[in-house]
Amino acid sequence: MVYRAVSITRRDAVLLLLGAAFTRLWVSVTYPGHEDRPIYIDAGHSNTFTNTITVTVSPTKASTPVTTTLIVPPSPVPTRIDSVKSTSLIHHAPGWTLFEDIYMSDGTLFIVSDNPSQFPEIRMMISTGLIAMATPENMAAREPTANEMVIISREEAANIWGADGTFANRVLPVEGNTLLVNEPAQFLRHYYHFVAELFFGVQVFWHGAFYQSQNPAPPIHRMIFAHSNTEGWRDGPGMNTFFLQAAFPSIHVEVQEAWEDRIALTANGNRVWHFPRLLLSDRSAAHRGTICGAQTQRIAAEAWKYMQMLGVRGTDWWEPVRSATLRLAKTLPVYSGDTGPQAALGFHGAKTDAPKVVITYISRQRQPRRKLLDASHDSLVAALTQLVNSKNGLWELNIVTAETMTLEEQLLVVGRTDILLGVHGNGLTHLVMTPASPISTVIEILYPGGWAHDFQWTAVALQKSHFGIWNDTVQVKTANLYPNYPEGFQGTEIPVHGPTVAQLIEEHLAGKV
Ligand SMILES: *[C@@H]1O[C@H](CO)[C@@H](O)[C@H](O)[C@H]1NC(C)=O
């Protein structure tokens, strides 16, 4: 009979074996040249010890069956390499890299790949994580070496971690999604750098990575500070912890000591941690990118620009963390009447039905440095008060001194602010908590001639208008200014001409500026 000449594929063999599990189950298969004519196989019994299978075959269901024995090709024995998962690069911008199946052993991140050319230059992904200074020596010291990250083949990985066939025992899985922050404490301990820069980048990159496939994005289960202990990332006023707990209540925070424990456990080099999904953030690597390094000095700008190129638009990627933070702030006991901290702030409760423009001036006059001349502060308050008074109660003015308020009180005010203004400083970080709206605006007062992109870039990324004020001149095209820190930038004699600011607000809301 022809049937012995039938060469069966592995797939067919699997089907046959499956069929064999159910006596007298009819399985239809075809073979080369006879695709149009199925044969019918009544699987009799199989003998897995001899790799043979006895089948009864008939060209049609009705014809007389012929019993035959087929030899099933043996399954290939799994090799050591088969158990090594290759690393995948999911998304990358300078300083922001999302991996699947990346490994860490003895403090070194291992990319396991037989195709290393698909990965960007290692220096665009990672640095030594040292404190950054603008000296050639320091820049050289932050260049990564083979201690930070290497790319090895699957064969090499199997040789290192599976030489004795115990790969499974040597690989420690870190299940779920991990954010690895490779920067030192230098900037982390600061509301702006932690929330409006690091997490700004994390949010847009993470949301962007999944926005086409999975909405909302999956949770980040843990964040690891590889170079910062607990004190290194918690800022004095407590905004960083408040934000993290409000926006990521389930996140597990692991600091340097725990990371060092992971390093110690793998210090002999033949044990390894496996991260199924890991977002690596590296400040120095982000600064090696053009958008951060040459244009904005903002690490989040690399993540944001990359995701813009992928098609991410709007501010939906930020809104969940903003609203979660404000929701938590609103659980503060509500005060009514003329007493209590909110009355003292000029906080007049929830927005009324009447359309209201809410202006909030964050005063730094109680700070030791970077503040207005007293006369300038007075001129600003007078001009803003006059402006708001001329609107018959439709506009609202809040003059807030953050140092005298709880975090919740600050958040309640900025959470309903349309026009946020103040001297260049951390208080303006609250712009990330102001509502997205067509009139949402940030007005930043700087020592004349001074410039930094912190708040301008952040405001624009959140689709807010941004203006700079140099005493009595308004800087409109602020994206084009170059960072500059003239004498007086950090001082206590910053001038501002109040009526210039009031006029800007009036004209901007009238659509003239
Ligand atoms: C600020 O502007 C006002 C109004 O034009 C002007 O009178 C004052 O001299 C300026 N101050 C400084 C320090 O330039």
How many residues of region 480-489 are more than 14 Å from the ligand (Cβ to nearest atom) and surrounded by 14 or more Cβ atoms within 10 Å (Cβ to Cβ)? The answer is 1
The correct count of residues that are more than 37 Å from the chain's Cα centre (by Cα) and of a type in the set (D, E, K, R) in region 470-505 is 2
Conditions (1) crowded, with 24+ Cβ neighbours inside 10 Å; (2) within 16 Å of the ligand (Cβ to nearest atom); (3) farther than 19 Å from THR492 by Cα -> ILE419 fails only (2)
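Listed here are the residues, each with its yes/no results for (1) surrounded by 15 or more Cβ atoms within 10 Å (Cβ to Cβ); (2) in contact with a strand residue (DSSP E or B) (Cβ under 7 Å, 6 or more places away or on another chain); (3) assigned to a helix (DSSP H, G or I).
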residue: TYR103; (1), (2), (3): yes, yes, no
residue: ILE111; (1), (2), (3): yes, yes, no
residue: SER117; (1), (2), (3): no, no, yes
residue: PRO120; (1), (2), (3): no, yes, no
residue: ARG123; (1), (2), (3): yes, no, yes
residue: THR128; (1), (2), (3): yes, no, no
residue: MET133; (1), (2), (3): no, no, no
residue: MET139; (1), (2), (3): yes, no, yes
residue: PRO144; (1), (2), (3): yes, no, no
TRP457 meets each of (1) away from the ligand (no atom under 14 Å from the Cβ); (2) part of a strand (DSSP E or B) with one exception, condition (2)
Exercise for the section: State whether one or more residues within region 80-91 are modelled with pLDDT under 95 and in a strand (DSSP E or B). Expected result: no
> Is there a residue in region 493-504 that is outside any helix (DSSP H, G or I) and more than 16 Å from the ligand (Cβ to nearest atom)?
Replying inline: no
Note on region 464-479: residues in a strand (DSSP E or B), among the hydroxyl-bearing types (Ser, Thr, Tyr) and either more than 15 Å from the ligand (Cβ to nearest atom) or touching a strand residue (DSSP E or B) at 6+ places or on another chain (Cβ under 7 Å) (or both) are SER465
Item to complete: Might you let me know whether region 470-479 holds any residue that is hydrophobic (A, V, I, L, M, F, W, C) and in contact with a helix residue (DSSP H, G or I) (Cβ under 9 Å, 6 or more places away or on another chain)?
Response: yes
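The values are calculated or read from the model by the stated rules, or taken from the named source; none is laboratory data. It should be emphasised that the depicted structure is a prediction, and the values quoted were computed from it without experimental measurement. So basically every Cβ, Gly included, is an ideal-geometry build from the backbone, and we count neighbours across all protein chains shown.
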